[in-house]
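A short worksheet on the structure shown next.
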Amino acid sequence: MEANRLWHDPVVEIYGNLITPGVRCSANAYDLGNRRWYQLNVDSPVTDDEWLSNVVAKHVAEHYRANRAPPPWDTINTTTGGDSVSFEARPSSRVDRPITEVLKYGLQPGHKLPTTHGRHGPA
């Protein structure tokens, strides 16, 4: 989280979800409210992005409420039933994902929209 940034309730979007059938789901989640990346690892395949984002938001908010500080971890390991949860602090290079400057929505060179002002990812 940026220095001097006020805490906001998490607003989490899933930007990537890799599913290996029968093994696990690993999702890249970005908390728009606090400008921070997280990784969520689940013990079985999950295709519901809303469920994934709710799990990340729940754990981030619970930690903040209990500690009045952003979590020191950036990775959540859990089960689909939520009965087993562990947290890890991993290097940001393993969790953070670049946010591209343009969104390409078609096959033509002009089919693109700017998404940032020259920044590659959150500060």
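A short reminder: the numbers here are calculations on the coordinates, not readings from a lab. Source: prediction; values computed, not measured. A quick note on method: Cβ atoms are made from the backbone with ideal geometry, for glycine too, and the neighbour counts reach across all protein chains shown.
For residue 111 and residue 13, a Förster radius of 22 Å and the Cβ-Cβ distance give a FRET efficiency of 0.45, rounded to the nearest 0.05. Applying both filters, DSSP loop and at most 10 other Cβ atoms within 10 Å, to the GluC sites (Glu not before Pro) of region 1-90 gives 2.
Report the antiparallel proportion of the DSSP beta bridges in region 12-97 as a percent, rounded to a multiple of 5. Roughly 85 percent of the DSSP beta bridges within region 12-97 come out antiparallel.
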